[in-house]
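Heads up: the structure comes next, in structure tokens.
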Amino acid sequence: MNTNNIMARLEAKYPLEKEYLQAVREVLETIEETYNQHPEFEKAKIVERIVEPDRIFTFRVTWVDDKGEIQTNLGYRIQFNSAIGPYKGGLRFHKAVTPSMLKFLGFEQTFKNALTTLPMGGAKGGSDFDPVGKSDAEIMRFCQAFMLELWNNIGPDTDVPAGDVGVGGREIGYLDGMYKKLAREYNTGVLTGKGMTWGGSILRPEATGYGALYFTQHVLAQAGKEIKGCKIALSGFGNVAWGAAKKAIQLGAKIVAISGPDGVCEIPEGLTPEMNDYMLVMRASNHDKVEDLATRFPGKTVFTPGKKSWSVKCDIALPCAFQNELNGDDAAELIKNGTWCCCEVSNMGCTPEAIHTFQSKGILFAPGKAVNAGGVATSGLEMTQNAAHLAWTADEVDAKLHQIMSSIHEQCLQYGTREDGSIDYVKGANVAGFMKVATAMLEQGII
Ligand code: GLU
């Protein structure tokens, strides 16, 4: 296979699907060498098949807002690849959602899920519904209308959605309630990220952030460093940023910045556990402004409008918000200010230019597929508990999460160790995920 030829074909076919093309190019460029050592992959046209989703559902979602006005949104579910298990992946509610965004996320999810060591295929879905400024009742009516269309295409053994940007425990509750009413199935396994009293796994809310910090610890240990005492700048204040900050504080690091669409909050003395918990209030308010932290904790934080966390001096940068949130200029600014590690917690949080800048300057860099896989992995653990009709303790789940993140790190080393002994985590994660899915596809024939 030749990456440029395949990309030229995809670019002609999907000229407007920027994010999807970006995600596919990154994977193909890093797997090309390994792929070409396997003529059986080429013969089975694995690469041509793996870049296309198995199927895409698109549907209209109509609901009534608090003023009695009728609103119409688009809903999607992209079932990307089921070679290693039922479709699995989150739902994103955000005004910028397009098929391209969900295709990139579904594609990435396929490899990420393969890395978790659990049997889960890849999927993603969501809507261009904008939760900002919506009341709780509006969120509920939207979720119900969304599920009215989706329910027939998902199930505990076929496709198991979960949260993502704009979809947390509250939304999963409304979606699950409606699913039960429509499907008349009362087993608890159709969605993950559920509440603790109705089938959720303990630690699932924390898992993406906790897993990301466990992975970061491995990256640092591999380079002979430790996290204690490090200054960390992170972006966002949603569920993922919350969990990452919580674990970072527990491990003795200092969170010196968090950010939102409105700007950055610098916290010179470090985020306190109280401020950390306030992130949950900020997320639930649907206000979407990080300035709320500065308003609530005056004197402890400095809010600067229009700036990103990447302008703040730190040792480690953790993008936790959205794709392409850290670009080449941001990477250069971080490096100038002394940053020596960036672990991508958001999906495709760094642009190709940023990754190139980090890697060419010898900065430790690890990609989202590996770093944030603890979230979906714990969803997988939730599915296992649901199927067995039992609930594990926090210690049991945490031990399994540790084990999974450590295995992902091992897989990155296996496939990403360069001749000089340094680690290309992007290549390692992509090749490891690809090999597993490709082998499964090969063994299952031409379907
Ligand atoms: N949305 C998360 C991700 O990007 C979690 C998906 C899940 O738990 O299914 O991996």
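Where a number appears in this text, it was derived from the coordinates with a stated rule and is not lab data. Worth saying up front: this structure is predicted, and the values here are computed from it rather than measured. Cβ: placed from backbone, ideal geometry, glycine included. Neighbour counts: every protein chain shown.
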Margin query: Please give the charge dipole size of the stretch 39-135, origin at the Cα centre, charges +1 on K and R Cβ atoms and -1 on D and E Cβ atoms. Round to the nearest 20 debye.
Written below: 120
Item checked: Relative packing of peptides 141-147, 342-348, 222-228 - highest average C-beta neighbours within 10 Å first -> 342-348, 141-147, 222-228
Next item on the list: Starting from the alpha-carbon convex hull of the stretch 366-440, give the projected area averaged over all orientations, in nm².
Entry: 5.8
Check: Share of Cα-Cα pairs in the stretch 58-140 beyond 21 Å, in percent?
Finding: 38
Margin query: Which one, GLY106, PRO273, THR439, projects farthest toward the positive side of the charge dipole computed for the chain from Cβ point charges (K/R +1, D/E -1)?
Written below: PRO273
Check: Can you give the extra length, in nm with one decimal, that the chain gains between ALA96 and ARG60 once fully stretched, where that is 0.36 nm per residue apart less the Cα-Cα distance?
Finding: 11.3 nm
Checklist line | Cα centroid of the stretch 51-100 to Cα centroid of the stretch 387-445, whole Å | finding: 27
Checklist line | Estimated dipole of the chain in Debye, rounded to 20 [Cβ of Lys and Arg +1, of Asp and Glu -1, Cα centre] | finding: 320
Note to self: Report for the chain the percent antiparallel among DSSP-assigned beta bridges with both residues inside it, nearest 5.
What the structure shows: 55
Check: Rounded, prolate or oblate: which fits the stretch 249-316, taking a ≥ b ≥ c as square roots of the Cα gyration tensor eigenvalues, rounded meaning a/c under 1.5, else prolate when a/b beats b/c?
Finding: oblate
Check: Mind checking Rg over Rh on the chain, alpha carbons, Kirkwood formula for Rh?
Finding: 0.95
Checklist line | Built amide H within the under 5 Å cut-off of SER201, gap 5+ | finding: GLY193, LYS194
Note to self: Based only on other Cβ atoms within 10 Å, what is the fewest-to-most ordering of ARG49, ARG283, ARG92, ARG9?
What the structure shows: ARG9, ARG49, ARG283, ARG92
Margin query: Quick one: 3J(HN,Hα) in Hz for the stretch 339-352, Karplus 6.51/-1.76/1.60 with θ = phi - 60°, rounded, Gly and Pro as x.
Written below: 5, 10, 8, 9, 10, 7, 9, 6, 6, 6, x, 10, 6, x
Margin query: Over the Cα atoms of the stretch 1-74, each weighted equally, I'd like the Debye log10 I(q)/I(0) at q = 0.24 Å⁻¹, rounded to two decimals.
Written below: -1.12
Next item on the list: Specify the inter-centroid distance of the stretch 137-196 and the stretch 264-279, based on alpha-carbon positions, in whole Å.
Entry: 32
Checklist line | Cross-link pairs LYS231/LYS307; LYS225/LYS307; LYS246/LYS313 - those with Cα-Cα distance over 22 Å | finding: LYS225/LYS307
Next item on the list: State the answer as a single residue: which of CYS341, ALA294, GLN385 lies farthest towards the positive end of the charge dipole of the chain, with beta carbon charges of +1 for Lys and Arg and -1 for Asp and Glu, about the Cα centre.
Entry: GLN385
Note to self: Using only DSSP helix segments of four residues or longer, with each worth -39500 (n - 2.57), what per-residue ellipticity at 222 nm results for the chain after dividing by its residue count and rounding to 500?
What the structure shows: -15000 deg cm²/dmol
Margin query: Which GluC sites (Glu not before Pro) in the stretch 254-336 sit in a loop by DSSP (not H, G, I, E or B) and have at most 15 other Cβ atoms within 10 Å of their own Cβ?
Written below: GLU269
